[in-house]
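Structure provided below as structure tokens; questions to follow.
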Amino acid sequence: MLTDSFARVHDYLRIAITDRCNFRCTYCMPEDGISLGPNAKLLSFSEIETLARLFVQHGVRKIRITGGEPLVRPEVEQLFEMLGAIKGVEELGISTNGALLTAHLPSLLANRVHHLNISLDTLRPDRFRSITGRDEFEAVNKAIRSAVEYRVDGSSFASVKVNMVVMRGTNDDEVLDFVRFGEELAALAHGGPAMEIRFIEFMPFPGNEWNAEQSIPWRELLSNIEQEFSLRPVRSPNAKSSTAKSFEVQSLRTQEPLNFRIGFITTVSEHFCAECSRLRLTADGEFRACLFGQDGVNLRDMLRRGETPDAMATAITRVLKDKWPEHPPVHELAFLNNREMISIGG
Ligand code: SAM
Ligand code: SF4
């Protein structure tokens, strides 16, 4: 098991498979972009598979494919197949901006990538363009609906989560619209995937022009939502490693119990470091124990030098032993010598 010095067990690996993206979200990508290395710096699919197997051997049970935008990586379906075939992975998921998702649904479902997180920060096409720099609202909206309704021989995705980064003065007037959107999707899901709308507190990263006023504490959002919806807190089955504070939603309008939840990712106002079970592998092979920095180790370099699995496991354990009990206070995060969100993998 991958345990740190504070007895936290790490069984969840997030693998960024590219630092490229077809969007330019203001909160993620610095205005003048990031410096992209040559493709040869990226882990190849077979290197990703080798490292994923190593982590699974040491206790990882949950893997999420992320980026950058994972679906821009050429021939990504091969990777779904390779990761889907690893025994011991109990939960396989992907985080995507959704623009290219519809065409990949068959391959994702067939290869056990059953937990879809799709980013969407606004339901207004003009606003979508100003947040992401792209005119893809319709493609994303269609992909979300298709994912929710997608069935092959009666099988569906296990969960579809819509992730909204809430920013004061940018999209916070749409929070209730997103809960209503969730109601609508839950009706479409109809016995299929579990639906969740997740409100993410805006986090500081180098170059994303974060300021404290723009980041809305989750309790403020909660009390706004409670004006219209009745919420019941839930502990999900894997709540120990869940970053989200989740609530079941009951509409005050219909009084019907709805098959969906809302969740809050509260990194800024109430961090959840004590329960952290996450490990990260960047697209260029750096293993990290925390989103907010601290030195890691480059496993791609170790692999390419021909070092043994035992040597890599020792290096992973060493990084983990140095994991801090919690990340620094939020006002310091903006000034950390960290990598940009897009190059770590959210
Ligand atoms: N491209 C994919 C996507 O957009 O879902 C995967 C990578 S993205 C970096 C992963 C998640 O990080 C997205 O849900 C995105 O909204 C979130 N994210 C990016 N920058 C953020 C920030 N500054 N604060 C909070 N969440 C952020
Ligand atoms: Fe790309 Fe996702 Fe970052 Fe937006 S949040 S720029 S879609 S990686």
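The values are calculated or read from the model by the stated rules, or taken from the named source; none is laboratory data. Being a predicted model, the structure only gives us computed values, none of them experimental. A quick note on method: Cβ atoms are made from the backbone with ideal geometry, for glycine too, and the neighbour counts reach across all protein chains shown.
Would you be able to say whether some residue in region 185-200 is without any contact (Cβ under 8 Å) to a residue 60 or more places away in the chain, within 14 Å of ligand 1 (Cβ to nearest atom) and surrounded by 19 or more Cβ atoms within 10 Å (Cβ to Cβ)?
Scanning region 185-200 turns up no residue that is without any contact (Cβ under 8 Å) to a residue 60 or more places away in the chain, within 14 Å of ligand 1 (Cβ to nearest atom) and surrounded by 19 or more Cβ atoms within 10 Å (Cβ to Cβ).
I would also like to ask the following. Is it true that some residue in region 212-223 is surrounded by fewer than 19 Cβ atoms within 10 Å (Cβ to Cβ), closer than 30 Å to Ile34 by Cα and either among the hydrophobic types (A, V, I, L, M, F, W, C) or in contact with a Pro (Cβ under 9 Å, 6 or more places away or on another chain) (or both)?
Looking for residues that are surrounded by fewer than 19 Cβ atoms within 10 Å (Cβ to Cβ), closer than 30 Å to Ile34 by Cα and either among the hydrophobic types (A, V, I, L, M, F, W, C) or in contact with a Pro (Cβ under 9 Å, 6 or more places away or on another chain) (or both), one finds at least one in region 212-223, hence yes.
Select from region 117-140 the residues that are under 18 Å from Val179 (Cα atoms) and under 18 Å from the mean Cα position of the chain (by Cα) and list them in ascending order.
Asn117, Ile118, Ser119, Leu120, Asp121, Thr122, Val140
Just to be sure before I move on: is Asn111 within 30 Å of Ser215 (Cβ to Cβ), polar (S, T, N, Q) and in contact with a Gly (Cβ under 7 Å, 6 or more places away or on another chain) in the structure I sent?
Criteria not met by Asn111.
Same structure, new question: If Asn22 meets every condition in (1) surrounded by fewer than 17 Cβ atoms within 10 Å (Cβ to Cβ); (2) within 22 Å of Ser277 (Cα to Cα); (3) touching an Asp or Glu at 6+ places or on another chain (Cβ under 7 Å); (4) not aromatic (Phe, Trp, Tyr) apart from one, which number is that one?
Status for Asn22: all satisfied but (2).
I would also like to ask the following. Scan region 159-170 and give yes if some residue there is touching a Pro at 6+ places or on another chain (Cβ under 6 Å), modelled with pLDDT of 95 or more and crowded, with 17+ Cβ neighbours inside 10 Å, otherwise no.
yes
Taking the residues in region 88-107 that are outside any helix (DSSP H, G or I) and of a type outside the set (A, V, I, L, M) as candidates, determine which candidate is farthest from ligand 1 (Cβ to nearest atom).
Restricting to residues being outside any helix (DSSP H, G or I) and of a type outside the set (A, V, I, L, M), the top hit is Gly88.
Looking at this structure, is Ile63 in contact (Cβ under 8 Å) with a residue 60 or more places away in the chain and not small (Gly, Ala, Ser)?
no
What single numbered condition from (1) within 12 Å of ligand 2 (Cβ to nearest atom); (2) of a type in the set (S, T, N, Q); (3) modelled with pLDDT under 95 fails to hold for Thr18?
(3)
I need every pair where a residue in region 265-276 that is within 16 Å of ligand 2 (Cβ to nearest atom) has its Cβ under 8 Å from the Cβ of a residue that is assigned to a loop (DSSP other than H, G, I, E, B) and modelled with pLDDT of 85 or more, sequence separation at least 6 or different chains.
Once the first residue is within 16 Å of ligand 2 (Cβ to nearest atom) and sits in region 265-276, its partners that are assigned to a loop (DSSP other than H, G, I, E, B) and modelled with pLDDT of 85 or more give Thr267/Met203.
Taking Leu71 as the residue in question, decide whether it is in contact with a His (Cβ under 9 Å, 6 or more places away or on another chain) and within 16 Å of ligand 2 (Cβ to nearest atom).
Details: in contact with a His (Cβ under 9 Å, 6 or more places away or on another chain): yes; within 16 Å of ligand 2 (Cβ to nearest atom): yes.
Considered against the rule, which asks whether it is in contact with a His (Cβ under 9 Å, 6 or more places away or on another chain) and within 16 Å of ligand 2 (Cβ to nearest atom), Leu71 comes out as yes.
Could I ask something else about it? Check Leu108, Leu92, Leu83, Leu100 and return the single one that is within 16 Å of ligand 2 (Cβ to nearest atom) and within 18 Å of the chain's Cα centre (by Cα).
Values: Leu108 fails: within 16 Å of ligand 2 (Cβ to nearest atom); Leu92 fails: within 16 Å of ligand 2 (Cβ to nearest atom); Leu83 fails: within 16 Å of ligand 2 (Cβ to nearest atom).
Selected residue: Leu100, the only one of Leu108, Leu92, Leu83, Leu100 that is within 16 Å of ligand 2 (Cβ to nearest atom) and within 18 Å of the chain's Cα centre (by Cα).
Residues are listed down the side, and each one gets a yes or a no for (1) of a type outside the set (A, V, I, L, M); (2) within 12 Å of ligand 2 (Cβ to nearest atom); (3) without any contact (Cβ under 8 Å) to a residue 12 or more places away in the chain; (4) part of a helix (DSSP H, G or I):
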residue	(1), (2), (3), (4)
Arg24	yes, yes, no, no
Glu47	yes, no, no, yes
Arg53	yes, no, no, yes
Gly59	yes, no, no, no
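Here is a list of conditions, (1) more than 17 Å from the chain's Cα centre (by Cα); (2) within 16 Å of ligand 2 (Cβ to nearest atom), and Lys41 meets all of them except one; can you say which number that is?
(2)
State all residues of region 66-76 that are touching a helix residue (DSSP H, G or I) at 6+ places or on another chain (Cβ under 8 Å) and either touching a residue at least 60 places away in the same chain (Cβ under 8 Å) or in a helix (DSSP H, G or I) (or both); if no residue qualifies, say none.
Gly67, Gly68, Pro70, Leu71, Val76 - these are the residues of region 66-76 that are touching a helix residue (DSSP H, G or I) at 6+ places or on another chain (Cβ under 8 Å) and either touching a residue at least 60 places away in the same chain (Cβ under 8 Å) or in a helix (DSSP H, G or I) (or both).
Within region 108-140, how many residues are part of a helix (DSSP H, G or I), surrounded by 17 or more Cβ atoms within 10 Å (Cβ to Cβ) and out of contact with any strand residue (DSSP E or B) (no Cβ under 8 Å at 6 or more places or on another chain)?
Summing the residues that are part of a helix (DSSP H, G or I), surrounded by 17 or more Cβ atoms within 10 Å (Cβ to Cβ) and out of contact with any strand residue (DSSP E or B) (no Cβ under 8 Å at 6 or more places or on another chain) in region 108-140 gives 4.
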